[in-house]
Amino acid sequence: MDNSLPADIRPAAPDSARAEETDFGIREISVEETLALRHSVLWPDLPLSAVRLPDDDSGRHFGAFSSGSPTPIAVISIFSEPLPIDKPDATASKAVRFRKFACRQDLQGRGIGTALLRRIFWVAAAEMGAQAVWCDARTSSLPWYQRRGMCPFGDRFFKGPVEYVRMSIMADDALAEGTREYATRS
Ligand SMILES: CC(C)(COP(=O)(O)OP(=O)(O)OC[C@H]1O[C@@H](n2cnc3c(N)ncnc32)[C@H](O)[C@@H]1OP(=O)(O)O)[C@@H](O)C(=O)NCCC(=O)NCCS
């Protein structure tokens, strides 16, 4: 960082440098390790069994861990699943969907979710050969995903009381986002 410049025109610190400040790592985990956090952050009013997905055994699951913590502080799960038909330009034959993305409330806003999302972008595009990555996003999170390269498509819809919109990112953009994070963590 060039501290000779006034703060308002200094270039922003790279994401990797900002993420270092929070002292966490990312690794692949079992679905069982995701359940408590999925439940407490996403659907605390439903029984724990409600956050287990029928497809969980065919998915891959990733968690962020702070040093010394045996339980994840953020989780996300990915599944090979084609783009929904309501995407008008759904040309990607192979796509990866992410689901059940959650960061512990007291640790949100520290870059952990961004790092985890970028990791699965990388895994989906570089390792699984996905041409697109997509999700059902809570409408409240739409701007957050847009700032990470995703675009909304299709009609909005509800799951219970929560409004959702579908969002996607194509492989080249997912790789570019993923590259920003992958090299800095194991
Ligand atoms: C959505 C969610 C997973 C994001 O995780 P998170 O760890 O809070 O996200 P981040 O910290 O990476 O990003 C939040 C903000 O913190 C900022 N931030 C603060 N410190 C940061 C740091 N050290 N490094 C990077 N970003 C940092 C980011 O700029 C970002 O702001 P922006 O969106 O205005 O750019 C999390 O908020 C969550 O669990 N929400 C509730 C459940 C939910 O809505 N899940 C998604 C369902 S679709």
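I'm told Phe153 meets every condition in (1) more than 23 Å from Gly59 (Cα to Cα); (2) out of contact with any strand residue (DSSP E or B) (no Cβ under 8 Å at 6 or more places or on another chain); (3) touching a residue at least 40 places away in the same chain (Cβ under 8 Å) except one. Can you identify the failing condition by its number?
If we test Phe153 against (1) more than 23 Å from Gly59 (Cα to Cα); (2) out of contact with any strand residue (DSSP E or B) (no Cβ under 8 Å at 6 or more places or on another chain); (3) touching a residue at least 40 places away in the same chain (Cβ under 8 Å), just (2) comes out false.
Quickly run through the stretch 28-55 and pick out the residues that are buried (at least 17 other Cβ atoms within 10 Å of the Cβ) and hydroxyl-bearing (Ser, Thr, Tyr).
Thr34, the sole residue that qualifies.
Say we look at the stretch 146-186 and pick out the residues that are part of a strand (DSSP E or B) and acidic (Asp, Glu); which of these is modelled with the lowest pLDDT?
Residue satisfying both the conditions and the ranking: Asp155.
Across the stretch 140-184, which residue is farthest from the ligand (Cβ to nearest atom) among those that are under 21 Å from Leu83 (Cα atoms) and of a type in the set (Ser, Thr, Tyr)?
Top of the filtered list is Ser168.
Exactly one condition in (1) within 16 Å of the ligand (Cβ to nearest atom); (2) more than 20 Å from Arg147 (Cα to Cα); (3) among the hydrophobic types (A, V, I, L, M, F, W, C) is false for Leu116; which is it?
Just one mismatch for Leu116, condition (2).
Being without any contact (Cβ under 8 Å) to a residue 40 or more places away in the chain and farther than 23 Å from Gly129 by Cβ is the filter here, so list the residues in the stretch 70-85 that pass it.
Passing the criteria: Pro70, Thr71.
Would you point out which residue out of Pro72, Pro84, Pro54 is at pLDDT below 90 and under 27 Å from Ala126 (Cα atoms)?
Pro84
Taking the stretch 92-111 only, how many residues are out of contact with any helix residue (DSSP H, G or I) (no Cβ under 8 Å at 6 or more places or on another chain) and in a helix (DSSP H, G or I)?
2
All but one of (1) surrounded by fewer than 16 Cβ atoms within 10 Å (Cβ to Cβ); (2) under 25 Å from Gly154 (Cα atoms); (3) of a type in the set (Asp, Glu) hold for Glu127, so report the exception by its number.
(2)
The values are calculated or read from the model by the stated rules, or taken from the named source; none is laboratory data. Keep in mind it's a predicted model, so treat the numbers as computed, not measured. In this analysis, Cβ positions are derived from the backbone assuming ideal geometry, glycine residues included, and neighbour counts consider all displayed protein chains.
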